[in-house]
């Protein structure tokens, strides 16, 4: 009896430590990867090893896919950093702006800021925008897309300048209103583009005539948008 109680206490202690230990990793996909690790507690890992399906493992798998998508987006944008762009990933919003993180923030050499939101979607179903709603096949994903606009608005308030929100879709094809492949869709002011076109889109819209405030914006962003520390 005592041995059983000690084993249960040890299992509870491991579970408590696993779900509450802080993550020291930062960068593209860090929060999503940390969430996947948090969901995969020792008990969940044991169940998976025994072939027992759990909701936690399924959710962890989805977070893991998102993390990989964010890392691939960062790799695509590496050439921009070589050209003088300031790009950071997994940033926290200022106090009072909610607990969400900003997947990516890019500031061009000319001082134009962009909030970047990479999303991986099943390639079997297209992404469309009709009547103000975004659908992935038959699934309404408008809320997921609008989150990028909310983050851009929060970052805009923090930086004191307009911020463009861009959602980069990986995997799924974009279809226009007539069912033809599209290079870009829009939900209000939120731009939706294929992930592979993100560097091209950024370069094409990066310049603001007469604006030379990149250094000041970068300094402000580094001060008010620190690395995300998790929930």
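Laboratory data are not the source of any read-out in this text; all were calculated from the coordinates shown. Here the structure is a predicted model, which is why all the values come from computation and not from measurement. As a convention, Cβ positions derive from the backbone with ideal geometry for all residues, glycine included, and neighbour counts pool all protein chains shown.
So the values come out like this:
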| read-out | value |
| --- | --- |
| For peptides 164-172, 217-225, sequence by mean Cβ density within 10 Å, most packed first | 164-172, 217-225 |
| Label point distance in nm, residue 215-residue 156, each placed 7 Å from Cα along Cα→Cβ | 2.8 nm |
| Peptides 108-120, 144-156 ordered by average Cβ neighbours within 10 Å, highest first | 108-120, 144-156 |
